[in-house]
Amino acid sequence: MRSVFYAFPLVGNTQELRRSTNLLKETWLLDVSGLPTLPAPTKKDGTIRRNRQHNAYVLPQSVTILSDPVEAPLIQMGQFATNSFPGMDGVTYSELDTFGRFWDMTTHFSRGARGLIVY
């Protein structure tokens, strides 16, 4: 729980970023541990979407994932970081006290895995 997130920045272009320069405040996180297993994504006619990707409609504090709508709460990234990532049970700095240990961990990610560690 609170170790893997989808990040949704509510900034779509550089002009919006100039207006609101605090990207952490404008980014909302979806904790994937709270999501149910989602069925294959479908179009309005019920057929499977060609790209096999779900659409997600994001508002501050919530996201709706289509095709079979699932609503989930979001966490504001700025507040989450400011509060020292409460409830997070993922990798901590104490477990990765050297670059070598960190590098060893990253080599065991699957080929498609990507990550960002913010502290």
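Here, each number is a calculation from the coordinates, and none is a lab measurement. Bear in mind the structure is a predicted one, so any value in this text is a computation, not a measurement. Cβ coordinates were reconstructed from backbone atoms using ideal geometry, including for glycine residues, and neighbour counts include every protein chain displayed.
Close amide H contacts of T27 (hydrogens built in the peptide plane, cut-off under 5 Å, sequence separation of 5 or more or a different chain): L10, M77, G78.
Taking all Cα pairs closer than 8 Å and separated by 6 or more residues, the relative contact order of segment 5-106 comes to 23 percent.
Taking a point 7 Å out from the Cα of Y6 in the direction of its Cβ, the residues of segment 34-48 whose backbone N falls within less than 12 Å of it are 34-39, 41. Toward the positive end of the charge dipole of segment 5-106, with +1 on the Cβ of Lys and Arg and -1 on the Cβ of Asp and Glu, the farthest Cα among L23, N83, A56 is that of A56.
Per the Cα gyration tensor, segment 5-106 maps to an equivalent ellipsoid with semi-axes of 29, 21, 14 Å, ordered largest to smallest.
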